[in-house]
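For reference, the structure is listed below as structure tokens.
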Amino acid sequence: MSFFKLNINGVAEILVLALIMVFMFAVLYSSMNLTYKVGLGALVFTLVLVSMVADQALKQQKEQEKKRLKA
């Protein structure tokens, strides 16, 4: 069962949630400069976005292959 509507498979969802939790821990409980925190936030956002785009691309590729095999 999915906790969030990320439209990704279970393993990818667990990895994304773990990445978000590590980010929150790093931002809240570390004494890093604000610049590093913003940079880390941008990196986490980019990784989450890339993982969701990659998952959607794989789903579309599988659907196209199924359609090609039926025809």
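Every number here is computed from the coordinates shown, using simple stated rules; none is lab data. Everything numeric here is computed off the predicted structure, so don't read it as measured data.
Below, the figures for the structure above:
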| quantity | calculated |
| --- | --- |
| Angle between the chain longest axis and helix 34-70 axis [Cα atoms, degrees, rounded to 10] | 10 degrees |
| Extension gain from L40 to L28, taking 0.36 nm per residue of separation minus the Cα-Cα distance | 3.1 nm |
| The chain, Cα convex hull volume normalised per residue, Å³ | 81 Å³ |
| Tilt relative to the chain, helix 10-29 - C-alpha long axis, 0 to 90 degrees, to 10 | 10 degrees |
